Amino acid sequence: MGKQLNTRCVVTGLGMVNAIGANVEECWENALAGKSGIDHVKSVNADNCYANLGAEIDFDLPENKEVDRVSVLCLKASEEAFNDSGIDGNIEDATRFGVIMGSCVGGVVSIEEYIKNGEKTEDINKMTISPIANNVATKFGAKGVITNVGNACAAGAISVAYACELIRAGVADAFIVGGADAFASVPFSGFHALHALSENPCSPFNHSNGITLGEGAGAMIVESYEHAMKRGAKIYCDVLAAGISSDAHHITAPRPDGIGQMYAINRAIDMSGLKKSDIGYVNAHGTGTAKNDEAEFLSLHTIFDNAGGELAVSSVKAMVGHCLGAAGAIEAVYSIKALTEGKVPPTIGYSDEDLEVLKEKAGDIDFMPNTAKEKDLKAVMSNNFAFGGSNASVIFAREAGDVKETENDSEVYITGLGIVSPLGNGVENYIGKISEGAKVEGNSAKCEVGKEDFDKFDIKMAFFRKLDKFSLIQVVSGLEALKDAGIVLEEGKEEDYGMIIGTGDGPLTTVYEFEDHIAKEGNENGSAFNFPNTVYNAAGGYLSIKTGLRGYNVTVTNGSQSGLQSVAYAYHEIKQNRAQGMLATGTDENSAVMEKLYTQLGLVAAGNAKLYGETGMTLSDGSVSVALENAESAAKHGAKKYARVAGYGMTHEGVKYGTVKGSEAGLKSAAEKALAMAGISADEVDAIYGLGNGCKDVDDIEISVNKELFGGKKPVINVREFVGEARSAAATLSVAHAALTLSGELPAKQKAFFFENGVEEKEVDTAGFKNILVVAVGAGGSYSAVVLKKA
């Protein structure tokens with residue numbers, strides 16, 4: 001399976017804020033005391049709702065009108081972790097210092113403020129998840145891998161896992177990781193519509209009659225042991241391993257048999273090198289809903305019964321509420337405190353009668369009713385399970401352990417493509433349209449899916465009706481990529497294949513429309529039908545349900561470059577033996593809502609857009625999926641090899657979110673890192689697949705860096721010339737178009753831009769191309785670059 005990855009990942013700083021504390025120590029002491037932060041909600045109107053409880057923060061937070069409340073929470077926790085770690089001034093290379101943050105609903109408070117308070121332009125760039133990690137990176141000088149994980153309630157846990165993967169791969173030295181979510185009307189009204197809220201404080205593993213929502217943020221500094229030792233850092237613990245999986249079952253409910261949960265838990269244990277009996281405490285997901293508690297109860301007993309240890313399990317959600325995307329990070333901090341302090345926080349809310357019932361069903365597991373206990377702990381586990389069937393389990397330990405992480409030397413190939421664009425759907429259609437010289441006209445374009453797509457991929461009406469456009473176009477492109485690759489899942493091998501979904505704006509249209517509806521009709525009238533589609537990982541969840549893919553499934557969201565970042569992420573999962581194959585996708589939708597917002601920001605052209613012409617963009621949409629496989633998997637089913645993924649770079653040059661001006665160094669660094677990983681020089685690049693979109697600041701950065709790296713002499717091919725600015729979809733389409741070029745599927749003669757003497761358009765012959773550099777940008781100064789080589 002390749003070489004052993006021996007790099008230790010350690011936690012050196014902690015930060016936390018939630019309803020029972022403004023910092024780690026206050027949150028910890030109040031948890032040990034069993035203090036509840038649950039009370040009648042004040043920040044949302046619950047007058048006509050059957051439930052009116054929440055765990056809101058009732059103390060003053062730092063004032064920052066430049067960002068959404070979710071970023072205020074995240075910045076507060078991150079600052080505590082940053083200061084606690086002592087890392088300030090001890091970062092030799094800022095391009096190896098990154099930020100990965102998790103969130104479920106992102107800047108939804110700003111959507112509410114926009115709709116209710118006069119549609120102010122200043123609120124628009126705060127609405128999505130994307131700004132969160134950018135805001136943290138810019139404040140603390142991180143210039144490495146910057147992204148957000150949008151996997152709902154598992155997002156915070158996955159941020160820890162991904163950071164450790166990148167550190168072990170040698171891509172980074174240190175990260176600020178965590179998660180944040182703010183109390184808001186959309187999740188409150190949505191869970192109310194699902195009848196998932198409890199009328200009383202939530203009661204995990206007890207009454208299990210519903211959740212109580214909370215808010216907050218958790219943050220950690222995770223770094224390599226070598227980096228920590230070099231700067232003399234204190235070390236809380238090691239992050240040994242993580243397991244991530246997908247249920248492929250239901251968009252809101254867990255699998256009753258717990259298969260997905262148990263795979264994640266067992267994967268974490270197997271990779272950690274520990275025995276099951278070494279796990280002394282599990283901070284459970286423990287939401288307090290019947291289905292979630294039953295599935296998790298089954299998983300814990302199945303795995304740990306008769307394991308020979310003395311396991312304690314508790315859910316801090318009984319005190320801090322369900323903090324959604326922040327939950328995994330907050331609960332990781334609580335888990336680390338339990339490990340280092342030798343004390344386990346309780347699950348509160350048990351009456352004497354409840355305790356008698358618990359005795360009958362708890363078995364050998366101590367579910368920690370009401371009272372904290374001292375316990376000598378070697379290792380602890382934090383579990384989080386989310387909408388979309390997303391599962392994550394992370395193990396922390398006092399010592400290094402015998403971690404089983406490895407990296408293979410197999411090549412990674414692009415073996416399948418799926419394209420949904422305004423030019424039509426399907427790879428053959430795209431090749432035909434490009435051959436004809438087709439391109440979108442005007443300042444806005446939209447893709448469509450219909451009966452032909454449904455018939456082609458056997459999408460039944462009962463399934464179709466559940467999906468919004470964002471999820472629908474993702475499902476269609478993903479199914480086509482799998483079909484094009486010839487990947488057929490074998491029974492028992494469903495976890496060998498996964499997906500990384502990249503999106504800049506996610507389901508913003510659906511979230512906006514949901515908020516607009518409840519702003520008019522009241523929080524008691526939210527739509528149970530639409531609410532599941534407001535989470536960013538719904539698209540990946542539906543795709544896993546339709547395909548049966550139960551492996552690594554993560555949604556990343558950091559502006560338009562997310563569609564290229566997904567390719568880098570997926571490549572990485574295959575190289576580190578977490579998958580035989582992965583789908584890497586870019587998906588963003590256009591709608592009346594998106595046209596309104598982007599036009600208000602002044603980014604949309606008045607008429608026809610012209611790339612590198614200072615006109616503004618043609619706003620468009622689409623979903624593009626590329627199937628990546630290792631050589632063994634590709635050979636097994638005789639897959640076509642469009643191209644080989646040879647290297648990547650991901651960097652950040654912090655500027656205010658919503659802008660890119662002044663971030664040229666980020667693009668240059670990302671390109672240089674990708675070339676270095678691929679083992680080629682700038683002279684060996686045959687073409688660049690560019691990022692310009694007609695907006696002056698974006699175009700100027702590409703032209704400037706192209707001149708610096710390539711003298712402006714290399715051809716630049718840009719898919720936005722054909723499909724418009726489809727954001728994340730355009731980033732992934734650049735990869736697909738490059739792969740089709742290298743494989744000879746597209747005509748050899750293609751239009752390209754040159755920047756040596758201003759902006760010139762020329763026809764180039766691509767027949768001899770061997771190395772292509774693909775680049776993409778995200779608002780706020782984040783960049784990704786990927787090198788493709790001829791297969």
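Tabulated data
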| read-out | value |
| --- | --- |
| Euclidean distance of C-alpha centroids, segment 217-287 and segment 176-206, integer Å | 22 Å |
| For segment 231-248, Karplus couplings with θ = phi - 60° (6.51, -1.76, 1.60), whole Hz, Gly/Pro x | 9, x, 6, 6, 10, 6, 5, 9, 9, 7, 6, 9, x, 10, 8, 10, 6, 6 |
| Mean Cβ neighbour count within 10 Å, used as a protection proxy, ranking 746-755, 709-718 highest first | 709-718, 746-755 |
| Given charges at beta-carbon only (K, R positive; D, E negative), |dipole| of the chain in Debye | 1580 debye |
| With Cα atoms, 0 to 90° folded angle of helix 508-521 axis to the chain main axis | 50 degrees |
| Cα centroid separation, segment 583-649 to segment 478-515 (Å) | 15 Å |
| Sites matching GluC sites (Glu not before Pro) across segment 365-435 that sit in DSSP coil, with at most 12 neighbouring C-beta atoms within 10 Å | Glu399 |
| Selection from Leu358, Pro131, Met499, by position along the positive dipole direction of the chain (Cβ) | Met499 |
| Note, ³J(HN,Hα) from phi for segment 36-42, Karplus 6.51, -1.76, 1.60, rounded to Hz, x at Gly and Pro | 9, x, 8, 7, 5, 6, 10 |
| Per residue value of the accessible surface for the chain (all protein chains in place, 1.4 Å probe), Å² | 32 Å² |
| Folded to 0 to 90 degrees: helix 352-361 orientation relative to the chain principal axis, Cα | 60 degrees |
| Segment 673-738-segment 153-173 distance, computed between alpha-carbon centres (Å) | 27 Å |
| R0 of 45 Å, Cβ-Cβ distance Ala631-Asp455: FRET efficiency to nearest 0.05 | 0.85 |
| Portion, in percent, of the accessible area of the chain that falls on carbon or sulfur, probe 1.4 Å | 45 percent |
| Efficiency of FRET between Phe529 and Ala592 - r from beta-carbon atoms, R0 30 angstrom, step 0.05 | 0.90 |
| Selection from Gly280, Val222, Gly210, by position along the positive dipole direction of segment 9-402 (Cβ) | Val222 |
| From phi via Karplus (6.51, -1.76, 1.60), per-residue ³J(HN,Hα) for segment 639-651 in Hz, x at Gly/Pro | 5, 5, 10, 5, 6, 10, 7, 10, x, 8, x, 9, 9 |
| Solitary cysteines of the chain, where the nearest other Cys Cβ is not under 4.7 Å | Cys27, Cys49, Cys74, Cys104, Cys153, Cys202, Cys237, Cys323, Cys447, Cys695 |
| Simple Cβ-charge dipole of segment 233-365, Lys/Arg +1 and Asp/Glu -1, about Cα centre, in debye nearest 20 | 520 debye |
| Packing rank of 592-602, 71-81, 295-305, where each peptide gets the mean count of other beta carbons within 10 Å, highest leading | 71-81, 295-305, 592-602 |
| Value at 222 nm in deg cm²/dmol, rounded to 500, when DSSP H runs of n ≥ 4 in the chain each add -39,500 (n - 2.57) | -10500 deg cm²/dmol |
| Percentage relative contact order, the chain, counting C-alpha pairs under 8 Å, at least six apart | 15 percent |
| With Cα atoms, 0 to 90° folded angle of helix 728-742 axis to the chain main axis | 50 degrees |
| Options Thr252, Gly144, Gly178, ranked by Cα towards positive dipole end of segment 9-402, top entry (Cβ charges) | Gly144 |
| Point-charge dipole on Cβ atoms (K/R +1, D/E -1) for segment 9-402, about Cα centre, debye to 20 | 700 debye |
| Sorted largest first, extent of segment 9-402 alpha carbons per principal axis (Å) | 54, 54, 39 |
| FRET efficiency, 1/(1 + (r/R0)^6) with R0 60 Å, evaluated for Asn48 and Asn408 via beta carbons | 0.55 |
| DSSP bridge pairs, the chain: antiparallel proportion in percent, nearest 5 | 70 percent |
| Translational diffusion coefficient (Stokes-Einstein; Kirkwood radius from C-alpha pairs) of the chain at 25 °C, 0.890 mPa s, in µm²/s | 96 µm²/s |
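The values are calculated or read from the model by the stated rules, or taken from the named source; none is laboratory data. Note that the coordinates shown come from a computational prediction; the quantities given were computed from them, not determined experimentally. For neighbour counting, all protein chains shown are included, and Cβ atoms are generated from backbone atoms with ideal geometry for every residue, glycine included. Quick note on the areas: whole protein, heavy atoms, side chains included, nothing else; ligands and nucleic acids left out. Shrake-Rupley method; radii C 1.70, N 1.55, O 1.52, S 1.80 Å.
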